[in-house]
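Each remark here refers to the structure printed beneath this line.
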């Protein structure tokens with residue numbers, strides 16, 4: 001809503017539980033299930049914690065680091 005563009009939640013439910021129950025296609029249960037989808041994108045952005053960034057980098061997932069803070073990392077597909 002705030003970004004004014006489609007967003008897919010990955011491995012996160014919390015306050016979005018009601019919305020995800022109504023539209024489950026807008027969420028992916030585990031990071032591992034998101035990897036194949038990310039690989040098919042021509043363009044895309046992701047916000048993740050440092051642990052997931054390190055894991056996905058080690059897995060060879062194509063992404064470019066755009067920004068980081070003490071809690072999160074922002075990457076792009078290109």
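The table below gives the values:
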| item | result |
| --- | --- |
| In region 1-35, the residues that are exposed (fewer than 10 other Cβ atoms within 10 Å of the Cβ) and under 19 Å from residue 77 (Cβ atoms) | 3, 5, 6 |
| Cβ-Cβ under 6 Å pairs, at least 6 apart or on other chains, region 59-78 side in contact (Cβ under 8 Å) with a residue 12 or more places away in the chain, far side exposed (fewer than 11 other Cβ atoms within 10 Å of the Cβ) and part of a loop (DSSP other than H, G, I, E, B) | 77/43 |
| Test result for residue 71, surrounded by fewer than 10 Cβ atoms within 10 Å (Cβ to Cβ) and touching a helix residue (DSSP H, G or I) at 6+ places or on another chain (Cβ under 9 Å) | yes |
| Region 57-68: number of residues that are surrounded by fewer than 11 Cβ atoms within 10 Å (Cβ to Cβ) and part of a strand (DSSP E or B) | 2 |
| Within region 57-78, tally of residues that are modelled with pLDDT of 95 or more and touching a strand residue (DSSP E or B) at 6+ places or on another chain (Cβ under 8 Å) | 12 |
| Leading residue by the ranking (surrounded by the fewest Cβ atoms within 10 Å (Cβ to Cβ)) among those in region 36-56 that are in contact with a strand residue (DSSP E or B) (Cβ under 8 Å, 6 or more places away or on another chain) and not in a helix (DSSP H, G or I) | 43 |
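The values are calculated or read from the model by the stated rules, or taken from the named source; none is laboratory data. Because the structure is predicted, anything quoted here is derived from the model rather than measured. All Cβ positions, glycine included, derive from the backbone under ideal geometry; neighbour counts span all protein chains shown.
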